[in-house]
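The values are calculated or read from the model by the stated rules, or taken from the named source; none is laboratory data. Keep in mind that what you see is a predicted model, and the values were worked out from it rather than measured. FYI the Cβ positions are ideal-geometry reconstructions off the backbone, even for glycines, and counts take in every protein chain you see. These area figures cover heavy atoms from the full protein model, side chains too; ligands, DNA and RNA do not enter into them. Shrake-Rupley method; radii C 1.70, N 1.55, O 1.52, S 1.80 Å.
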Amino acid sequence: MTEDNAQALDQLMLRHAHAGLVLVEPVGGHIVALNAAWPQWLGCEPSSLLGAVIWEDMGWPQPELVRTLISLTSLPLPMPPMPVSAWTRERVFLPLVLSCGLVDGPTGRLVMCTLVRDRLVSPPAVTNSVSENALMGVVQALTTVLEVHDPESIGHQRRVADLVGTLARQLQWSAQEVESVTLAALIHDLGMVTVSPRVLGKLELLSGPEVMQIQRHVTAGVNMIEHIDFPGPVITLIAQHHERINGSGYPLGLKGDEVSRGAQLIGMADMLDAMTRNRPYQPAQTLDQALQVLLVSGGVLFDADLVQACAHLFMEDGYRFPAI
């Protein structure tokens, strides 16, 4: 087969594919090529989309989700397909499943976005909840990516978020602060997707470089989501969740009031859940043992009043991590 014939067949397949195929630049998201399927579904000409940024002005109720999925293709791990949706030019709801992956283009790496119609999904009943649903779609996508990469983490972020949200409400924090700290807890360890599975599953003592690789997960996670418009200081909370008030934490070694109370809540919940779960490098402690360790950390690693409130929640109110 000649090169011209092969190119002609490629173009034929691209034009008649039942899935929407869109090639975009991995950083800027500009569309460099596409077949006819997705523009037909939207009700526009393919030429009108060339050069446009795929997550802008395309009828997405959740553009942050599309942008996040494309940005995550730079990671060396498989990306699961994710449900997304769009509105056509005539305001018809278009449920889709989006898969993204890196491919070699003639001038460098590109992202191949594959869109498939999902005919089992109904239009949203309450349109004013689209923004909130889109945000939770982003959070769910990020959580799924991490749990695929590190099966040992399955349920960890949701347990931490449950404790953090429960404790923040018990302390009568504002609804906005409860929302922010809960969202941050749900994705606080996202940067772990950049850590080698060999290091995550290592049974022996970690080497110095391996410890540094683990610690870099905080900055890596922040870099992956800094483009998302979260309500409140979600990114700051994630950036600080391993900081400790005595300056022994990382990545910046913040001290005292420099560490936000929301980040301290996530740090305490993270520590308690980690201590009470079997991990490759340590057996689980009992809840009583973990709470004693937490109590000793009061005024040292975490604010003493926050530690007492957390211990009271378990010891007096009977709170337990949810079964996930």
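Would you list Glu90, Glu177 from the most to the least accessible area, probe 1.4 Å? Don't skip to the end; give the middle numbers.
Numbers: Glu90 155, Glu177 55 Å².
Descending order: Glu90, Glu177.
When the Cα gyration tensor is reduced to axis lengths a ≥ b ≥ c, the ratio a/c is 1.5 or higher for region 255-324, and with a/b above b/c it is classed as prolate. Under a Gaussian network description of the chain, with springs only between Cα atoms under 10 Å, the residue in Ala284, Ala239, Ala263 that fluctuates furthest is Ala284.
The solvent-accessible area of Leu21, taken with every protein chain present and a 1.4 Å probe, is close to 40 Å². Once you put a point 7 Å from the Cα of Arg320 and another 7 Å from the Cα of Val27, both along the Cβ direction, what distance in nm separates them? For Arg320 paired with Val27, the spin-label model returns 5.2 nm.
Per-residue SASA remark: Val66, around 0 Å² accessible (1.4 Å probe; ligands, DNA and RNA not included). The alpha carbons of region 209-308 occupy a box of 40, 32, 26 Å along the principal axes, longest dimension given first. Net charge around Ile214, counting only other residues with Cβ within less than 11 Å of its Cβ (Lys, Arg = +1; Asp, Glu = -1)? Around Ile214, the surrounding residues sum to 0. For the chain, modelled as a GNM whose springs connect Cα atoms under 10 angstrom apart, the maximal fluctuation among Glu243, Glu152, Glu258 occurs at Glu258. The local environment of Val259, defined by Cβ-Cβ distances under 12 Å, has a net charge of -1 under the rule Lys, Arg +1 and Asp, Glu -1. Each residue of region 34-42 was assigned a 3J(HN,Hα) from its phi angle through the Karplus curve 6.51 cos²θ - 1.76 cosθ + 1.60 (θ = phi - 60°); the sequence is 6, 8, 7, 4, 4, x, 4, 5, 6 Hz, with glycine and proline shown as x. Among the protein heavy atoms, those of His227 account for about 50 Å² of accessible surface (1.4 Å probe, every chain in place). In the elastic network of the chain, a GNM with C-alpha springs shorter than 10 Å, the most mobile of Arg198, Arg277, Arg89 is Arg198.
Would you list the membrane-span-like helices of the chain, meaning whole DSSP H runs whose alpha-carbon atoms span at least 24 Å along their axis and whose mean Kyte-Doolittle value is at least -0.5? Can you show the working numbers first?
Details: long enough: 130-149 (29 Å, 0.91).
Those that pass (Cα extent of 24 Å or more, hydropathy at least -0.5) are 130-149.
Based on Cα contacts under 8 Å between residues 6+ apart, region 169-316 shows a relative contact order of 20 percent. Find how many whole Å separate the alpha carbon centroid of region 130-204 from the alpha carbon centroid of region 95-119. Taking the Cα centre of each part, region 95-119 and region 130-204 sit 26 Å apart. Distance between the modelled labels on Thr286 and Lys255, one decimal in nanometres: 3.8 nm (7 Å Cα→Cβ projection).
Checking [x] 40; [y] 28; [z] 50 against the coordinates, the calculated percent of Cα pairs over 31 Å apart falls under label [x]. Expressed as a rounded percentage, what relative contact order does the chain have, with Cα pairs under 8 Å and six or more residues apart? Relative contact order, the chain: 12 percent.
Label-to-label distance for Val148 and Leu203 is 2.9 nm, based on points extended 7 Å past Cα in the beta-carbon direction. Taken one residue at a time, the phi angles of region 201-207 give Karplus couplings (6.51, -1.76, 1.60, θ = phi - 60°) of x, 5, 8, 7, 4, 6, 6 Hz. Gly and Pro are set to x.
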